[in-house]
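Take a look at the structure below.
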Amino acid sequence: MAQIRWGSSVLPDPFAEFDRLQGELSTLFGLRNAPEFSGLFDRSISPPVDLIDSAEEVLVLVNVPGIDQKDVELSIASNILTIKGEKKQPEQKRRVMRDDIWSGSFQRTLSLPNTIDPEKVQADLKD
């Protein structure tokens, strides 16, 4: 229990305590947290994305380790980039003691600048 100095005007925030309790329960039961910033149709588990705008290009970096190229789909409509994919969980013949690496389907949506020409978009998948 937190102690409060006598005469202190700062009271503990009960909602902060609920957030802390929820975090502890999520950790206890191995629940995954949703990303803080996501698109309207993004799923709760998604790979991290960096969007870098320079004078020559707009670069979108997506961290999708362990995903084959055939399991990733990119589309652009009205300057909205959609990245869909699925990370398959490898079969385990042994008992898993801890499972922190996410698997399953994901979707990320990003709003691109209006200066993007969809005909000039390129995509590369690197190991």
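The values are calculated or read from the model by the stated rules, or taken from the named source; none is laboratory data. Just so it is clear, the structure is predicted and the values come from calculations on it, not from any experiment. Glycine gets a Cβ as well: all are built from the backbone with ideal geometry, and neighbour counts include every protein chain shown. Surface areas here come from the heavy atoms of the whole protein model, side chains and all, with no ligands, DNA or RNA. Shrake-Rupley method; radii C 1.70, N 1.55, O 1.52, S 1.80 Å.
The table for this structure:
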{"quantity": "Complete set of residues in the stretch 57-84 that are surrounded by 13 or more Cβ atoms within 10 Å (Cβ to Cβ) and either under 17 Å from residue 117 (Cβ atoms) or of a type in the set (S, T, N, Q) (or both)", "calculated": "58, 60, 74, 76, 79, 80, 81, 82"}
{"quantity": "Single condition residue 87 does not satisfy, out of (1) at pLDDT 75 or above; (2) over 30 Å from residue 115 (Cβ atoms); (3) loosely packed, with under 14 Cβ neighbours inside 10 Å", "calculated": "(3)"}
{"quantity": "Residue match in the stretch 86-105 (condition: among the polar types (S, T, N, Q) and within 17 Å of residue 62 (Cα to Cα))", "calculated": "yes"}
{"quantity": "Test result for residue 78, within 21 Å of residue 58 (Cα to Cα), hydroxyl-bearing (Ser, Thr, Tyr) and without any contact (Cβ under 8 Å) to a residue 12 or more places away in the chain", "calculated": "yes"}
{"quantity": "Residues of the stretch 90-123 classified as part of a helix (DSSP H, G or I) and open to solvent by less than 90 Å² (accessible area, probe 1.4 Å), total", "calculated": "1"}
{"quantity": "Test result for residue 42, among the charged types (D, E, K, R) and modelled with pLDDT of 75 or more", "calculated": "no"}
